[in-house]
Amino acid sequence: MNAHQISRIDLSPEVVDGIVFWTKNPRPMLKRLNELKEYAYYFQYTLNPYGREIEEHLPLLKDRMNSFQCLSDMIGKERVIWRYDPVILNDTYTVQYHVKEFSSMAEMLAPYTNKCVFSYLDFYTKMKNRMKQMGIRPAVREEKEYLAEAFSKAASRYGIALETCAEDIDLHKFGIAHGRCIDDRLLSEIIDCPLKVEKDKNQRLECGCAASIDIGLYNTCKNGCVYCYANLNHELTLENNAKYDRDSPLLCSKLGDKDIVKDRNVKSLKERQLSLFSRESIILS
């Protein structure tokens, strides 16, 4: 990949079929949601019952729960998906701890969401030493199934659909489907128009996500979550944030003399419109 080859993406409402926001704290953008009124969008909103030793710089859970409820009231519960992700196991966060906390959170969030997506912690190579130092271990199959059954019962009790994210374990016997976090079906419902979208070929086999264009950058988030695979260098994260320029078209960077900018060629995914004329469009995540 050529670091100086830059793609320019048209973000006008005329060419964007939908946007999927991933967040743990949307509070800063709630006052500006009206600026997105011409777009179809929904949120993947992570809420976990962990302390600051796991999610160091996040607001308190009660405040993030409140933000979840406010967001749902503003845009509709069908457009705010709760993520309990990832499930971490150690001496503090035990199987029984998760059973209790998931049920409690499900009860409080039920009026504000239709769906919950969960996953077990993936031990990426670069994370193993960090996880070992904190006593965090992989869940064995028996624990995964026990948690899945308990989560399913709680979710069913409160009317929340439950799905997994990119898990190779089959949990259908507990009424848990494999999820599609970038969900063309949901976007189709929001825009009231069919979308013809292929599965994202760049993701692992177990991932059900629709193809999309990801707008983001590694080592830029300052939340400090120990399980994050996208932030592995604290110093680089601080360095990147110091470069942030709200007027730059690049995230935590600026165009240089050697950069070559080319417009990315994209086409509409709306079937009804494609039958009439060709129109460029994208799904963003």
**Per-pair calculated FRET efficiency, R0 = 30 Å: residue 263 and residue 236 via Cβ, rounded to 0.05** = 0.55
**Rough spin-label spacing in nm, given labels placed 7 Å along Cα→Cβ, for residue 153 and residue 255** = 5.9
**Fill in**
Given Cβ charges of +1 for Lys and Arg and -1 for Asp and Glu, the option among 218, 151, 86 whose Cα lies farthest towards the positive end of the dipole of the chain is 218
**Nitroxide proxy distance, nm - points 7 Å out along Cα→Cβ at residue 37 and residue 189** = 2.4
**Message:** Less than 27 Å apart at the alpha-carbon level, and either on another chain or at least 8 residues along: which lysines does that give for residue 132?
**Reply:** 24, 100, 144, 222
**Message:** From the mean inverse distance of alpha carbon pairs (Kirkwood) and the Cα radius of gyration, derive Rg over Rh for the chain.
**Reply:** 0.96
**Asked** What does the helix-only formula give at 222 nm for the chain: each DSSP H stretch with n ≥ 4 adding -39500 (n - 2.57), the total divided by the residues, and the result rounded to the nearest 500 deg cm²/dmol?
**Response** -8000 deg cm²/dmol
**Prompt:** Can you sort 212, 253 by how many other beta carbons sit within 10 Å, fewest first?
**Reply:** 253, 212
**Prompt:** Sorted from fewest to most neighbouring beta carbons within 10 Å, what does the list 113, 220, 125, 94 look like?
**Reply:** 125, 94, 220, 113
**Cα centroid of the range 136-172 to Cα centroid of the range 73-100, whole Å** = 11
**Item:** Two-site FRET efficiency, residue 177 against residue 95, from Cβ-Cβ distance with R₀ of 25 Å, rounded to 0.05
**Value:** 0.65
**Asked** Over 19 Å between Cα atoms, which of 37/62; 115/201; 199/270; 77/270 qualify?
**Response** 37/62; 115/201; 77/270
**Prompt:** Assuming a viscosity of 1.306 mPa s and a temperature of 10 °C, what translational diffusion coefficient in µm² per second does Stokes-Einstein assign to the range 1-70, Rh being the Kirkwood radius over Cα pairs?
**Reply:** 108
**Prompt:** Tell me, what is the FRET efficiency for residue 201 and residue 122 to the nearest 0.05, using R0 = 22 angstrom and their Cβ-Cβ distance as r?
**Reply:** 0.65
**Message:** Using all alpha carbons of the range 16-134, what is the percent of pairwise distances in each 10 Å bin, ordered from the shortest bin to the longest?
**Reply:** 12, 42, 31, 14, 2
**Message:** Can you compute the modelled spin-label distance between residue 213 and residue 6, with each label point 7 Å from Cα toward Cβ, in nm?
**Reply:** 1.5
**Request:** Can you give me the P(r) profile for the range 131-276? Cα pairs, bins 10 angstrom wide beginning at 0, each as a whole percent.
**Result:** 9, 22, 29, 27, 12, 1
**Prompt:** With springs only between Cα atoms under 10 Å, which of 153, 243, 222 fluctuates most in a Gaussian network model of the chain?
**Reply:** 243
**Message:** Quick check on the exposure proxy: order 22, 82 from fewest to most C-beta atoms within 10 angstrom.
**Reply:** 22, 82
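Here, each number is a calculation from the coordinates, and none is a lab measurement. The model shown is predicted, which means the values in this text are computed figures rather than measured ones. Cβ atoms come from the backbone with ideal geometry, glycine included; neighbour counts cover every protein chain shown.
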